[in-house]
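All of the numbers you see were taken from the coordinates with simple rules; none came from a lab. Note that the structure is predicted; figures quoted are calculated from it, not measured. Cβ placement follows ideal geometry from the backbone for every residue including glycine, while neighbour counts extend to all protein chains displayed.
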Amino acid sequence: MFKGFKDFLMRGNVIDLAVAVVVGSAFTALVTSFTSSIIKPIIAATGGGNVTGLSIQLREGNEASIIDFAAVINAVITFLITAAVVYFLFVLPMKTFNERRKKGETTLADPTDVELLQEIRDLLRREQGLPAVKGLASESEKVEASTDGQQK
């Protein structure tokens with residue numbers, strides 16, 4: 001029971017996911033700090049000296065009735081910066097890496113057990129100095145040949 005759990009945790013994608021969550025959280029804090037400290041004051045400056053930026057107070061004297069458009073714009077900018085960094089630093093390089101790796105792979109199918117045994121037989125005969133036996137069909141080839149003849 002614990003071995004299966006350990007195998008699950010030790011798989012590469014689980015570790016990668018944990019690292020991504022930690023890095024993502026740290027990066028989100030960095031971007032949030034940037035947008036709230038730099039972008040939001042710039043947005044607030046466009047509202048003039050008497051107002052607190054791009055906000056509307058629905059009821060005078062009630063702080064809970066303030067609609068803060070600068071905070072919404074700030075959140076959108078935070079999202080866009082985070083999404084762009086994740087895409088350009090993680091998604092795009094991984095996609096490029098996978099495409100390059102797929103180009104290097106061969107599309108040959110894995111040989112069957114019978115094919116491997118035939119190769120071993122031929123190698124052993126060559127090592128012993130014997131000629132390779134042509135026309136020596138394996139049992140499965142004989143069965144395939146006989147079923148092909150019956151189907152016609």
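Counting 0.36 nm for each residue step from Phe34 to Thr112 and taking away their Cα separation leaves a gain of 22.2 nm. Residues in the stretch 68-83 carry Karplus couplings, in order, of 9, 5, 4, 5, 5, 4, 4, 5, 5, 5, 4, 4, 5, 5, 4, 4 Hz; the curve used is 6.51 cos²θ - 1.76 cosθ + 1.60 with θ = phi - 60°, and Gly or Pro positions show x.
Counting every other Cβ atom within 10 Å of each residue's Cβ, Glu127, Glu115 order from fewest to most as Glu127, Glu115. What the phi angles of the stretch 121-129 give under the Karplus curve with 6.51, -1.76 and 1.60, with θ = phi - 60°, is a coupling list of 4, 5, 5, 5, 5, 5, 5, 7, x Hz, glycine and proline written as x. Above 15 Å lies some portion of the pair distances; for the stretch 2-104, what is it as a whole percent of all C-alpha pairs? Everything past 15 Å amounts to 75 percent. Multiplying the residue separation of Arg100 and Ile66 by 0.36 nm and subtracting their alpha-carbon distance yields 7.0 nm. When Ile66, Ile56, Ile43 are arranged by Cβ crowding within 10 Å, least crowded first, meaning fewest neighbours, the order is Ile56, Ile66, Ile43.
Based on every Cα atom in the stretch 66-120, Rg and the maximum pairwise Cα distance Dmax equal 24.6, 81 Å.
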